[in-house]
Amino acid sequence: MSDAIVRMENIEKHFGNIVALSGVSFDVRPGECHCLLGDNGAGKSTFIKTMSGVHKPTKGRMIVSGKEVVFDSPREAMDAGIATVYQDLAMIPLMSVTRNFWMGREPTKGWGPFKQLDMKKAEQVTMSEMKRMGINLREADQAVGTLSGGERQTVAISRAVYFGAKVLILDEPTSALGVRQTASVLATIDRVRKDGIAVVFITHNVRHAMAVGDRFTVLNRGKTYGTSTADKITASELQDLMAGGQEMVELEGSLGGTV
Amino acid sequence: MTVETADKDERLKESSFVSQLLKRPELGAIAGVVAVTVFFLFTANPVMFSLSGVLNFLTPAAQLGILALGAALLMVGGEFDLSVGSMVAFTGLVFGVALTVFQLPLLLAIAMTFAVAGLFGLVNAEIVLRTGLPSFIVTLAFLFILRGLSLVGLKWATNGSTQLRGIRESVENDWLAPVFSGRAFTGLFEWMAGNGWIEAFSNGKPKVDGIPVEILWFVGLTLILTWVLLRTPAGNWIFAAGGDANSAKNSGVPVRRVKMALFVLTACCAALVAILTVLDAGSTDARRGFQKEFEAIIAAVIGGCLLTGGYGSAIGAFFGSIIFGMVLIGLTYTQIDQDWYQVFLGGMLLIAVLFNNIIRKRVTGER
Ligand SMILES: Nc1ncnc2c1ncn2[C@@H]1O[C@H](COP(=O)(O)OP(=O)(O)OP(=O)(O)O)[C@@H](O)[C@H]1O
Ligand SMILES: [Mg+2]
């Protein structure tokens with residue numbers, strides 16, 4: 001497989017006296033889906049926020065396409081091709097799909113003080129991109145609030161891809177979804193990966209991870225237990241790692257293996 | 001294939017015309033203007049809807065409306081400014097002092113007034129953005145601070161009087177004065193009177209000799225701000241910043257800069273109202289703009305702005321302010337006691353908020 005496009009080395013992040021991450025290493029390659037697993041509060045969101053320029057790591061190095069970088073803002077990460085779809089999707093329910101799609105990168109026409117939004121282009125591109133991802137909008141100015149959770153995920157993902165993401169980070173895209181919508185989001189992930197984009201897929205659902213993941217990294221209390229490839233690990237082993245090993249074995253025993 | 005999709009789009013557009021209309025935030029305010037107009041058509045002296053009557057209620061509507069436009073954009077951007085009323089008094093004082101005490105030419109006095117307003121707008125914005133405190137409370141503090149400073153400054157500038165006079169005299173013959181005071185299009189009105197198109201006195205002079213300049217400022221600002229809000233990236237950023245500042249920031253919207261600009265805009269709207277009304281009155285006092293912050297916010301809410309931000313329009317605030325003007329002046333054309341004004345406004349506000357709530361839920365499919 002090709003070289004890593006993003007490599008994070010020994011990342012630490014402290015919030016005051018809270019240590020959210022204590023030395024996490026991680027990398028992702030073009031065309032693969034690298035799953036980041038972990039229980040609530042394990043530090044997954046914090047980790048990817050350092051990757052996408054929201055937080056600055058307290059310690060550690062970040063290497064993008066072979067060069068060490070320090071991002072001062074999400075904007076800089078975006079410019080480097082790292083796009084994030086957050087748990088909250090970074091979408092605004094009261095605004096239309098089109099306005100959300102272009103938020104922060106609005107297309108303009110005209111010059112000087114008369115520079116204005118190119119609404120026609122904006123609407124056309126939005127409609128066709130949505131269609132490509134299998135979503136038929138009623139109209140381009142439909143409010144995002146009227147879309148289902150899975151549709152919103154897909155809008156957010158297609159927005160990132162359209163704007164040239166080379167690395168796509170998805171923070172729990174399936175956590176709030178039903179079976180069918182989950183399947184459609186996983187299919188979207190698969191499609192994006194096949195386009196040669198590096199996908200970082202965060203979840204605490206092992207089955208969702210196993211469905212599309214090529215490699216898996218488990219975070220626990222701000223540390224990793226290392227990375228494994230899909231053919232070297234089973235779902236139950238992942239499950240154990242996520243819960244911190246020992247305790248899970250005991251738990252599982254008392255629950256009769258239903259977890 | 002392409003033809004087919006084009007066909008489909010056309011049909012969709014047509015079938016959803018009503019829902020398109022319902023989606024506009026200003027719908028409520030337009031309905032309100034219609035309702036108030038009908039009400040006064042039945043109850044008021046018909047003079048109210050003559051040319052002079054209309055200009056009569058558009059003038060206070062414009063004075064409030066310029067404030068309401070700023071308030072509306074700020075509200076869409078997710079913030080409030082309760083200090084705009086006091087800001088009118090304070091910038092009115094700055095303007096008056098610049099003209100009478102410092103004897104500055106009008107251009108410099110105006111520049112100085114806007115500069116002071118912008119500075120206070122920035123102070124408001126800095127405090128709100130740095131501390132994350134609700135703008136409601138920060139600007140409430142400035143409501144009192146600026147009102148107090150206006151009183152103190154007035155006494156200092158006038159050696160203890162409560163009114164600063166002599167402003168009209170100091171701008172007489174200033175080339176810039178007609179832009180900010182008096183009436184515009186006087187030639188046009190004379191010409192129309194000459195042709196018998198508008199009412200004239202027996203000597204041929206028109207009964208209404210022009211349009212008060214504040215109305216033109218009001219209309220012009222409405223057009224510009226509507227364009228900014230709906231047709232520029234900055235407008236998209238304002239909606240985004242108010243809809244969800246965090247999401248907007250994560251998408252690369254310069255939320256801080258947007259909010260700063262909005263606070264400055266709101267303060268500058270107050271300064272503009274101060275300049276217009278002080279020139280109109282020829283004097284200023286510390287009560288200028290009293291409680292206008294509430295009226296401006298009410299007009300913006302009637303115009304469809306949500307108190308939670310992220311939704312609203314400048315056109316809505318325009319019509320909201322016209323409702324104010326119509327009710328304020330309209331009651332004098334009826335048998336109804338003026339004291340009902342506030343009851344009427346409170347009622348309008350309540351109806352508007354309830355209406356906005358329903359519309360928003362319908363439009364956004366809030367679950
Ligand atoms: N801005 C912050 N300030 C202080 N502590 C924080 C901050 N952000 C995260 N933390 C802490 O860091 C730890 C990791 O949080 P994080 O949100 O990364 O977990 P997560 O793995 O994404 O969990 P979940 O599955 O619930 O999303 C938590 O203990 C959290 O309280
Ligand atoms: Mg998280």
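List of remarks:
- In segment A:126-155, residue farthest from A:ASP27 (Cα to Cα) [restricted to those that are in contact with a Pro (Cβ under 8 Å, 6 or more places away or on another chain) and away from ligand 1 (no atom under 16 Å from the Cβ)]: A:ALA143
- Annotation note: Cβ proximity below 6 Å between a residue of segment A:164-185 that is at positive phi and a residue that is within 16 Å of ligand 2 (Cβ to nearest atom) (sequence gap 6+ or interchain) occurs for A:GLU172/A:GLN87; A:GLU172/A:ILE202; A:GLU172/A:THR203.
- Filter result for the condition that a residue is outside any helix (DSSP H, G or I) and of a type in the set (S, T, N, Q), over B:SER150, B:SER170, B:SER161: B:SER161
- Of everything in segment A:47-65 that is more than 18 Å from A:ASN10 (Cβ to Cβ) and more than 13 Å from ligand 1 (Cβ to nearest atom), the residue that is surrounded by the most Cβ atoms within 10 Å (Cβ to Cβ) is A:GLY53.
- Members of segment A:34-46 found to be crowded, with 18+ Cβ neighbours inside 10 Å, within 16 Å of ligand 2 (Cβ to nearest atom) and away from chain B (no Cβ under 14 Å), listed by number: A:CYS35, A:LEU36, A:LEU37, A:GLY38, A:ALA42, A:GLY43, A:LYS44, A:THR46
- Only one of the numbered conditions (1) assigned to a helix (DSSP H, G or I); (2) within 9 Å of chain A (Cβ to nearest Cβ) is not met by B:CYS269, and that is (2).
- Filter result for B:ILE275 (at pLDDT 95 or above and closer than 26 Å to A:ASP79 by Cβ): no
- From the options A:LEU186, A:LEU219, A:LEU168, residue that is within 16 Å of ligand 1 (Cβ to nearest atom), among the aliphatic types (A, V, I, L, M) and away from chain B (no Cβ under 14 Å): A:LEU219
- Candidates are the residues of segment A:52-73 that are of a type outside the set (A, V, I, L, M, F, W, C) and within 16 Å of ligand 2 (Cβ to nearest atom); the one that is nearest to A:ILE18 (Cα to Cα) is A:HIS55.
- Condition check for A:GLU123: away from ligand 2 (no atom under 16 Å from the Cβ), in contact with a Pro (Cβ under 6 Å, 6 or more places away or on another chain) and under 23 Å from B:GLY242 (Cβ atoms): no
- Breaking point among (1) within 9 Å of chain B (Cβ to nearest Cβ); (2) among the β-branched types (Val, Ile, Thr); (3) assigned to a loop (DSSP other than H, G, I, E, B), for A:ILE135: (1)
- Out of A:PRO74, A:PRO107, A:PRO93, one residue alone is of a type outside the set (Ser, Thr, Tyr) and within 16 Å of ligand 1 (Cβ to nearest atom). It is A:PRO74.
- Of B:LEU164, B:LEU225, B:LEU229, B:LEU221, all but one fail to be over 20 Å from B:ALA281 (Cβ atoms), away from chain A (no Cβ under 14 Å) and surrounded by 19 or more Cβ atoms within 10 Å (Cβ to Cβ); the exception is B:LEU221.
- Under the condition of being part of a helix (DSSP H, G or I) and more than 23 Å from the chain's Cα centre (by Cα), the residues counted in segment A:100-124 number 9.
- Residue in segment A:14-33 that is away from ligand 1 (no atom under 11 Å from the Cβ) and within 14 Å of another protein chain (Cβ to nearest Cβ) present: no
- Flag if A:ASP72 is away from every other protein chain (no Cβ under 14 Å) and surrounded by fewer than 17 Cβ atoms within 10 Å (Cβ to Cβ): no
- Any hit, segment A:81-99, residues being farther than 30 Å from A:VAL19 by Cβ, under 21 Å from the mean Cα position of the chain (by Cα) and more than 10 Å from chain B (Cβ to nearest Cβ): yes
- Pair list, Cβ < 6 Å and 6+ apart or interchain, from segment A:200-227 residues that are free of Cβ contacts under 8 Å to residues at least 40 places away in the same chain to residues that are crowded, with 18+ Cβ neighbours inside 10 Å: A:HIS208/A:THR174; A:ALA211/A:LEU186; A:TYR225/A:VAL218; A:TYR225/A:LEU241
- Only a single item in (1) under 15 Å from A:ILE82 (Cβ atoms); (2) more than 16 Å from ligand 2 (Cβ to nearest atom); (3) among the charged types (D, E, K, R) is not met by A:LYS49, and it is number (2).
- Applying the criterion of being of a type in the set (Gly, Ala, Ser) and under 19 Å from the mean Cα position of the chain (by Cα) to the residues of segment A:137-167, the residue that is surrounded by the fewest Cβ atoms within 10 Å (Cβ to Cβ) is A:GLY164.
Residue by residue, here is whether (1) surrounded by 22 or more Cβ atoms within 10 Å (Cβ to Cβ); (2) touching a Ser or Thr at 6+ places or on another chain (Cβ under 9 Å) holds:
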| position | (1), (2) |
| --- | --- |
| B:ARG24 | no, yes |
| B:PRO46 | no, no |
| B:GLY53 | no, no |
| B:ALA61 | yes, yes |
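- Condition check for B:ALA241: under 23 Å from B:PHE142 (Cβ atoms), within 14 Å of another protein chain (Cβ to nearest Cβ), surrounded by 24 or more Cβ atoms within 10 Å (Cβ to Cβ) and at pLDDT 95 or above: yes
- Per-region count, segment B:214-250, residues farther than 23 Å from A:TRP111 by Cβ, among the β-branched types (Val, Ile, Thr) and touching a Leu at 6+ places or on another chain (Cβ under 7 Å): 2
- Look at segment B:248-259: where a residue is within 9 Å of chain A (Cβ to nearest Cβ) and a partner is small (Gly, Ala, Ser), sitting 6+ places away or on another chain with Cβ atoms under 6 Å, you get B:ALA248/B:ALA240; B:ALA248/B:ALA241; B:ASN250/A:ALA90; B:SER251/A:ALA90; B:SER251/A:GLY104; B:GLY252/A:GLY104; B:VAL253/A:GLY104; B:VAL253/B:ALA240.
The values are calculated or read from the model by the stated rules, or taken from the named source; none is laboratory data. Since the model is a prediction, treat every value here as computed from it, not as a measurement. Because the Cβ atoms are built from the backbone with ideal geometry, glycine has one as well, and the counts that use them run over all protein chains shown.
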